[in-house]
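K.L.:
Questions regarding the structure given below will be posed in turn.
The values are calculated or read from the model by the stated rules, or taken from the named source; none is laboratory data. For clarity, every value in this text was computed on a predicted model and none was experimentally measured. Because the Cβ atoms are built from the backbone with ideal geometry, glycine has one as well, and the counts that use them run over all protein chains shown.
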Amino acid sequence: MSSESGIFKRIDHVEIVPSDFEKSLAFYRHVLGFSAGERHAVNVPPLREIIYLSLGDTVLELLSVERPEKPPETPWRVGYRMMAIEVEDMEEALSSLAERDVRPTWGPMDLGGAKRAEITDPDGLGIELRQWG
């Protein structure tokens with residue numbers, strides 16, 4: 001079925017399994033400005049706890065899992081590559097991140113009509129920063 005039929009509306013949320021739940025929670029809240037919903041204990045091993053984080057109308061579900069395994073370290077593996085966060089002002093965003101010891105892993109680059117940079121979360125998951133216009 002196609003999305004034109006109105007059956008599929010939007011991406012509801014994206015799940016992330018961090019190696020260190022508390023460290024990643026702090027990063028998304030205090031560095032990127034996500035607000036946190038209620039924490040929920042889950043008794044479905046290896047899943048222990050979940051929390052929903054929101055930024056505008058974007059929602060991440062952070063999952064606390066016993067002994068999570070890291071994927072192979074290759075930037076072009078099959079699967080999701082990175083999420084992108086729109087920023088109002090690239091220089092201001094990068095300056096704010098630098099104050100929290102987060103540096104771009106790529107860029108910033110002017111793409112003609114947009115600026116793009118990349119950072120990583122505490123587990124090295126890619127996050128694109130995009131300033132449109």
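K.L.:
Among the residues of segment 5-22, count how many are in contact (Cβ under 8 Å) with a residue 60 or more places away in the chain and either within 15 Å of I119 (Cβ to Cβ) or in contact with a strand residue (DSSP E or B) (Cβ under 7 Å, 6 or more places away or on another chain) (or both).
P.N.:
Number satisfying all stated conditions: 3.
K.L.:
Shifting gears a bit: Applying the selection to segment 17-46, what residues are out of contact with any Asp or Glu (no Cβ under 8 Å at 6 or more places or on another chain) and part of a strand (DSSP E or B)?
P.N.:
Answer for segment 17-46, where residues must be out of contact with any Asp or Glu (no Cβ under 8 Å at 6 or more places or on another chain) and part of a strand (DSSP E or B): S35, A36, G37, E38, N43, V44.
K.L.:
Which one of these does G133 not meet: (1) closer than 14 Å to F27 by Cβ; (2) loosely packed, with under 12 Cβ neighbours inside 10 Å?
P.N.:
(1)
Yes or no, residue by residue, for (1) within 20 Å of F21 (Cβ to Cβ); (2) outside any strand (DSSP E or B):
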residue	(1), (2)
E92	no, yes
L97	no, yes
V102	yes, yes
G107	no, no
G112	no, yes
R116	no, no
P122	yes, yes
I127	yes, no
R130	no, no
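K.L.:
Anything in segment 34-51 that is in contact with a helix residue (DSSP H, G or I) (Cβ under 7 Å, 6 or more places away or on another chain) and surrounded by 17 or more Cβ atoms within 10 Å (Cβ to Cβ)? List them, or say none.
P.N.:
Once the filter is applied, which keeps residues that are in contact with a helix residue (DSSP H, G or I) (Cβ under 7 Å, 6 or more places away or on another chain) and surrounded by 17 or more Cβ atoms within 10 Å (Cβ to Cβ), segment 34-51 yields F34, I51.
K.L.:
Does Y80 meet the test of being in a loop (DSSP other than H, G, I, E, B) and either touching a helix residue (DSSP H, G or I) at 6+ places or on another chain (Cβ under 9 Å) or within 30 Å of K9 (Cβ to Cβ) (or both)? Outline the logic, then answer.
P.N.:
Values: in a loop (DSSP other than H, G, I, E, B): yes; either touching a helix residue (DSSP H, G or I) at 6+ places or on another chain (Cβ under 9 Å) or within 30 Å of K9 (Cβ to Cβ) (or both): yes.
So Y80 passes the test.
K.L.:
Hey, P72 hits all of (1) surrounded by fewer than 12 Cβ atoms within 10 Å (Cβ to Cβ); (2) assigned by TED's automatic domain parsing to the domain that holds G133; (3) in a loop (DSSP other than H, G, I, E, B) but one; which does it fall short on?
P.N.:
Here P72 meets the rest and fails (2).
K.L.:
Do the conditions hold for S54, that is, is it out of contact with any helix residue (DSSP H, G or I) (no Cβ under 8 Å at 6 or more places or on another chain), among the hydroxyl-bearing types (S, T, Y) and touching a residue at least 24 places away in the same chain (Cβ under 8 Å)? Outline the logic, then answer.
P.N.:
Values: out of contact with any helix residue (DSSP H, G or I) (no Cβ under 8 Å at 6 or more places or on another chain): yes; among the hydroxyl-bearing types (S, T, Y): yes; touching a residue at least 24 places away in the same chain (Cβ under 8 Å): no.
So S54 fails the test.
K.L.:
When you go through V31, V17 one by one, which is the residue that is within 16 Å of E66 (Cβ to Cβ) and surrounded by 10 or more Cβ atoms within 10 Å (Cβ to Cβ)? So that I can check it myself, show each step before the final result.
P.N.:
On the way: V31 fails: within 16 Å of E66 (Cβ to Cβ).
The unique qualifying residue is V17.
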